[in-house]
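The numbers here are math on the coordinates, done by the rules we state, and not lab data. Since the model is a prediction, treat every value here as computed from it, not as a measurement. Don't worry about glycine lacking a Cβ; one is built from the backbone with ideal geometry, like all the others, and counts go over all protein chains shown.
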Amino acid sequence: MWVFTKHGFISIVTTKKKKKFAIRARNKDHLVALLPDVKIIETTDSDYRFRCILTAKEFSTFWEELQKTITYQNFKNEVTNHLYHTALIDVWVVMAEYQSEQMYFG
């Protein structure tokens with residue numbers, strides 16, 4: 001699952017044994033902002049350079065805390081990092097085009 005937050009972009013998947021969750025990011029600062037007390041693993045042999053591993057209970061707590069950060073009416077206006085904001089706009093445009101194509105080619 002991809003998750004875009006005002007603090008950054010993460011990808012969430014299960015580990016190979018499917019007992020834990022890998023929270024992955026392309027930017028270390030995004031993980032630090034979202035999970036400041038969790039050990040971050042850096043690797044150069046994967047498409048996501050940074051990751052941390054959470055148990056199901058830790059993931060549940062993380063998800064519960066994450067929802068508390070949604071205190072705004074406009075997501076894009078909450079993002080202060082220019083490069084990340086630009087990337088979000090690019091994603092927004094692609095998904096808007098997808099929506100339009102669905103209307104015509106559904």
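ASN81 - would you say it is surrounded by 15 or more Cβ atoms within 10 Å (Cβ to Cβ) and polar (S, T, N, Q)? Criteria met by ASN81. Consider only pairs whose beta carbons are under 6 Å apart and that are at least six residues apart or on different chains; among these, list those whose first residue lies in segment 59-77 and is in a helix (DSSP H, G or I) and whose second residue is of a type in the set (Phe, Trp, Tyr). These pairs meet every condition: PHE59/PHE21. For segment 30-53, the set of residues classified as part of a strand (DSSP E or B) and basic (Lys, Arg) consists of ARG51 only.
For ARG51, the test of being closer than 20 Å to LEU88 by Cβ and of a type in the set (D, E, K, R) is failed. Filtered by the rule that a residue be of a type in the set (A, V, I, L, M, F, W, C) and in contact with a helix residue (DSSP H, G or I) (Cβ under 9 Å, 6 or more places away or on another chain), segment 24-41 gives ALA25, LEU34, LEU35, VAL38, ILE40. In this structure, LEU88 does satisfy being in contact with a strand residue (DSSP E or B) (Cβ under 8 Å, 6 or more places away or on another chain) and either assigned to a helix (DSSP H, G or I) or surrounded by fewer than 10 Cβ atoms within 10 Å (Cβ to Cβ) (or both).
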